[in-house]
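Written below as C-alpha cells is the structure these notes are about.
The values are calculated or read from the model by the stated rules, or taken from the named source; none is laboratory data. Not measured: the values here are computed from a predicted model. Using ideal geometry, Cβ is built from the backbone for each residue, glycine included, and neighbour counts are taken over all protein chains shown. Ligands, DNA and RNA are stripped out before the accessible areas are found, and what is left, the full protein with its side chains, is counted by its heavy atoms. Shrake-Rupley method; radii C 1.70, N 1.55, O 1.52, S 1.80 Å.
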Amino acid sequence: MSRILITRPEHDLPTRYLSRWSTKIIEEAQSKGFEVLDLHREKACQTEFMGRVSKTRPSLVVLNGHGHPDAVTGHNNEVLVATSENPEILGGLLTYAVSCDSAASLGKRVCAADATTFIGYTDKFTFTMQYRKISRPLEDERARPFMEASNHVAVSLLKGHTARQATARAKRLFHQKMMRLLSSTADPDALLDAQTLWWDMQHLVCLGDQEKRAF
Amino acid sequence: MANVELKNDEVRDLVLARLSVLSSDTAISIGSNGSFTRDELIEHVAAGDPVGKKFEEIQLEWLRSLKEGIMTHVADPDYQT
C-alpha cells in the first residue's frame with residue numbers, strides 16, 4: 001500500500017491554516033487508497049518524524065511548517081530536518097514542503113541523493129486572510145486560493161502526475177486564481193491577493209528527480 | 001517608456017498608498033516573519049523594518065514582472081520562471 005506522511009504543526013496562525021487546509025490533502029489521499037501517517041500538532045516532532053520516515057519510507061512526504069533556507073520545522077518550531085543534521089532522511093523520497101525558504105538550500109542538499117525530489121519554496125510562503133475568519137480557516141475565502149493552489153502540488157502527485165507536472169499544474173492554478181482576481185475591479189483587496197499569489201507561484205520550484213511519482 | 005527606477009522612499013510611499021485602500025479585515029501571513037493586520041503592516045512598512053522590507057519586496061517583484069510583461073505566461077510543464 002502506498003503511504004503519505006504529512007506533518008501538521010498547529011501552534012500559530014499560519015500553521016493552523018496549513019494544518020486545517022491540509023485535511024483536504026488527507027481526504028484526497030484516503031480516497032485514492034493511500035495510508036495516511038498524520039503527524040498532527042505535538043506529533044510533528046523530530047523523533048516521531050524520523051522514526052516514521054525511516055520505518056515506512058512513504059511514497060510522498062508533505063511537510064507543513066515554518067522554515068528557513070536550511071531547515072523545515074514542526075510543532076513549536078522544532079526542527080524536523082536540517083541541512084546540518086539529517087538531510088539524508090529525505091533521500092530517495094518525494095517531498096513537498098510548504099515551508100518558507102527551504103528549497104533554497106535544504107532542498108538542494110536533500111536532492112544530492114539519487115532518485116530524490118524536493119518541491120518547495122525558495123522564499124517566504126505568503127498568503128492573505130480574512131481577519132474575522134482566523135478561528136475558522138476553512139471558511140476563509142481570501143486564504144482559499146493560496147491553500148488550494150498549494151494543495152494542488154500534493155493532489156496532483158496523489159493523482160499520479162510526475163513531480164514536474166504536479167509543480168506546473170500548481171503554478172497554473174496559482175496563475176488562474178491570480179488572473180481571476182485581477183479581473184475583479186470592484187474588490188480593493190483583489191490586487192494584493194493577486195500579487196501575493198504571483199509571489200508564491202514565482203518561488204515554487206521542483207528540485208531533483210523531475211519524473212518521480214508518488215506511485 | 002522611460003526606464004524609471006524608484007527610490008526607497010518612493011517605493012515605501014507607493015506601498016503605503018496601496019495598503020491604505022485595503023479592507024480593515026485584511027490580514028497577511030509572511031511565513032516565519034509573522035502574521036499582520038493591515039494596520040500592523042502599515043506600521044512595519046513605515047518603519048522600514050525587515051517585515052516592511054519583505055512586503056516591499058513582494059510588491060517590487062510584482063512591478064518588475066509587469067514591466068517585463070511575463071504575467072500572461074501560463075504555467076506549463078516546460079515553463080521555467
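Within segment A:151-195, being charged (D, E, K, R), within 25 Å of A:Met129 (Cα to Cα) and in contact with an Asp or Glu (Cβ under 8 Å, 6 or more places away or on another chain) holds for A:Arg172, A:Lys177. When segment A:164-211 is filtered for residues that are open to solvent by 30 Å² or more (accessible area, probe 1.4 Å), under 19 Å from B:Ser24 (Cα atoms) and assigned to a helix (DSSP H, G or I), the ones remaining, listed by number, are A:Leu181, A:Leu191. Figure legend. Inter-residue proximity from segment A:163-187: first residues without any contact (Cβ under 8 Å) to a residue 24 or more places away in the chain, second residues open to solvent by 60 Å² or more (accessible area, probe 1.4 Å) and aliphatic (A, V, I, L, M), beta-carbon distance below 7 Å, spacing 6+ or different chains. Indicated pairs: A:Arg172/B:Val74. The criterion of at least 2 residues that are more than 13 Å from chain A (Cβ to nearest Cβ) and modelled with pLDDT under 90 is met, among helices (runs of 4 or more DSSP H) falling completely within chain B, by B:8-20.
Right, A:His161: part of a loop (DSSP other than H, G, I, E, B), within 12 Å of chain B (Cβ to nearest Cβ) and over 17 Å from B:Ser29 (Cβ atoms) or not? Judged against the criteria, A:His161 is a match. B:Glu61 passes every criterion in (1) open to solvent by 40 Å² or more (accessible area, probe 1.4 Å); (2) free of Cβ contacts under 8 Å to residues at least 12 places away in the same chain; (3) charged (D, E, K, R) apart from (1). Taken together, A:Phe125, A:Phe118 contain a single residue that is under 15 Å from A:Phe174 (Cβ atoms), buried (at least 23 other Cβ atoms within 10 Å of the Cβ) and in contact (Cβ under 8 Å) with a residue 12 or more places away in the chain, which is A:Phe125. In segment A:28-48, is there at least one residue being in contact (Cβ under 8 Å) with a residue 24 or more places away in the chain, among the β-branched types (Val, Ile, Thr) and under 23 Å from A:Glu139 (Cβ atoms)? No - not one qualifying residue is present in segment A:28-48. Is it the case that A:Ala113 is buried (at least 19 other Cβ atoms within 10 Å of the Cβ) and more than 12 Å from chain B (Cβ to nearest Cβ)? Criteria not met by A:Ala113.
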